[in-house]
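J.: I am attaching a structure below and will ask some questions about it afterwards.
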Amino acid sequence: MPVDPLQIGSKVKALRKLKKLTQEQLAEAVGVSWRTISNLETGKVIPSLQVICDVARCFDVSIDELLDTQITKNKSVTRIQKENQVTQTIYQLNDRLLAHIEEYIQLIKNDFG
């Protein structure tokens with residue numbers, strides 16, 4: 001499957017906004033210029049493997065999650081932000097709470113799915 005720079009850029013932008021970072025702050029954390037981040041977010045460039053790794057590390061997401069453009073295709077930035085917020089919350093749950101959430105999701109799926 002070909003790489004879609006615009007989809008990668010949308011994901012990076014959503015993650016950056018979720019973390020309340022400016023392009024300049026992300027650029028500094030990743031070790032690139034703010035123009036690189038701007039070009040990445042607008043899909044003007046395909047980031048190097050090093051930049052992909054550094055961005056993923058900065059946002060504490062896997063490279064797969066960062067590049068999984070199939071999932072993010074046709075989703076708004078707001079939708080991606082909400083999904084990322086839920087994911088971050090789930091990462092912070094202890095095993096007992098996670099089990100309860102899983103049960104609750106199954107109940108909802110059975111009732112509304």
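The values are calculated or read from the model by the stated rules, or taken from the named source; none is laboratory data. The model shown is predicted, which means the values in this text are computed figures rather than measured ones. Note that we place each Cβ from the backbone using ideal geometry, even for glycine, and neighbour counts take in every protein chain shown.
J.: Take Val61 and tell me if it is out of contact with any His (no Cβ under 9 Å at 6 or more places or on another chain) and either in a helix (DSSP H, G or I) or of a type in the set (D, E, K, R) (or both). So that I can check it myself, show each step before the final result.
T.: Numbers: out of contact with any His (no Cβ under 9 Å at 6 or more places or on another chain): yes; either in a helix (DSSP H, G or I) or of a type in the set (D, E, K, R) (or both): no.
So Val61 does not fit the description; no.
J.: Go over the candidates Ile52, Ile101, Ile108 one by one and state the one that is out of contact with any Asp or Glu (no Cβ under 6 Å at 6 or more places or on another chain) and under 20 Å from Asp4 (Cβ atoms).
T.: Details: Ile101 fails: under 20 Å from Asp4 (Cβ atoms); Ile108 fails: under 20 Å from Asp4 (Cβ atoms).
The unique qualifying residue is Ile52.
J.: Can you name the condition, by its number, that Pro47 falls short on among (1) touching a helix residue (DSSP H, G or I) at 6+ places or on another chain (Cβ under 9 Å); (2) at pLDDT 90 or above; (3) not in a helix (DSSP H, G or I)?
T.: The single condition Pro47 does not satisfy is (2).
J.: Look at Arg96 and say whether it is of a type in the set (Lys, Arg) and modelled with pLDDT of 95 or more. Walk me through how you get there before you give the answer.
T.: Working: of a type in the set (Lys, Arg): yes; modelled with pLDDT of 95 or more: no.
So Arg96 does not fit the description; no.
J.: So which residues in region 2-22 are in a helix (DSSP H, G or I) and either over 15 Å from the mean Cα position of the chain (by Cα) or in contact (Cβ under 8 Å) with a residue 60 or more places away in the chain (or both)? Step through it out loud before you land on a result.
T.: Filtering region 2-22 for residues in a helix (DSSP H, G or I) gives 5-18.
Answer for region 2-22, where residues must be in a helix (DSSP H, G or I) and either over 15 Å from the mean Cα position of the chain (by Cα) or in contact (Cβ under 8 Å) with a residue 60 or more places away in the chain (or both): Gln7, Ile8, Ser10, Lys11, Lys13, Ala14, Leu15, Lys17, Leu18.
J.: Keeping to region 50-66, report how many residues are of a type in the set (S, T, N, Q) and more than 18 Å from Leu18 (Cα to Cα).
T.: Looking only at that region, the number is 1.
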